[in-house]
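Step one of this worksheet: look at the structure below.
The values are calculated or read from the model by the stated rules, or taken from the named source; none is laboratory data. As the structure is a computational prediction, the values presented were derived from the model and not from experiment. Note that each Cβ is placed from the backbone with ideal geometry, even for glycine, and that neighbours are counted across all protein chains shown. Ligands, DNA and RNA are stripped out before the accessible areas are found, and what is left, the full protein with its side chains, is counted by its heavy atoms. Shrake-Rupley method; radii C 1.70, N 1.55, O 1.52, S 1.80 Å.
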Amino acid sequence: MTSDDHDAAISAAIISMAHSLKLKVIAEGVETEEQLAMLCFLKCDQIQGHLFSKPMMAEHVIDVLNKESTMIKKFLKLGRGVKTTQRHNSSTELQPP
């Protein structure tokens, strides 16, 4: 998505179309900070992927969610003030400031 203009255009169109239909968009498979920055720029509603957490056993999820996440801080910095809420399914929801 970040290295191909066509992929970025398709992502932007899908997010825009979903928002015009009052739908929320979840980007799956986010693995790099560059993808995260692009999705923040495109105003994607939620993201999930290995950048935030690798797959884990259910009993470990609560421990991970209860710990302070440096990724959220990076996310806020990249999103330039976009607020986030952590979900229990290892996705993160973006909220306007």
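Across the stretch 12-45, what is the number of residues that are open to solvent by less than 30 Å² (accessible area, probe 1.4 Å) and small (Gly, Ala, Ser)?
2
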**Study point:** Leading residue by the ranking (surrounded by the fewest Cβ atoms within 10 Å (Cβ to Cβ)) among those in the stretch 46-76 that are within 12 Å of the chain's Cα centre (by Cα) and at pLDDT 75 or above
**Key:** His50
Review point. List, please: which pairs have Cβ atoms under 6 Å, are six or more places apart or on different chains, and start with a residue in the stretch 30-42 that is in a helix (DSSP H, G or I) and end with one that is of a type outside the set (A, V, I, L, M, F, W, C) and surrounded by fewer than 18 Cβ atoms within 10 Å (Cβ to Cβ)?
Key: Glu34/Thr2; Gln35/Thr2; Met38/Thr2
Check your understanding: Could you give every pair whose Cβ atoms fall below 9 Å, whose first residue belongs to the stretch 1-26 and is basic (Lys, Arg), and whose second residue is at pLDDT 95 or above and in a helix (DSSP H, G or I), counting only separations of at least 6 or pairs across chains?
Key -> Lys24/Ala18
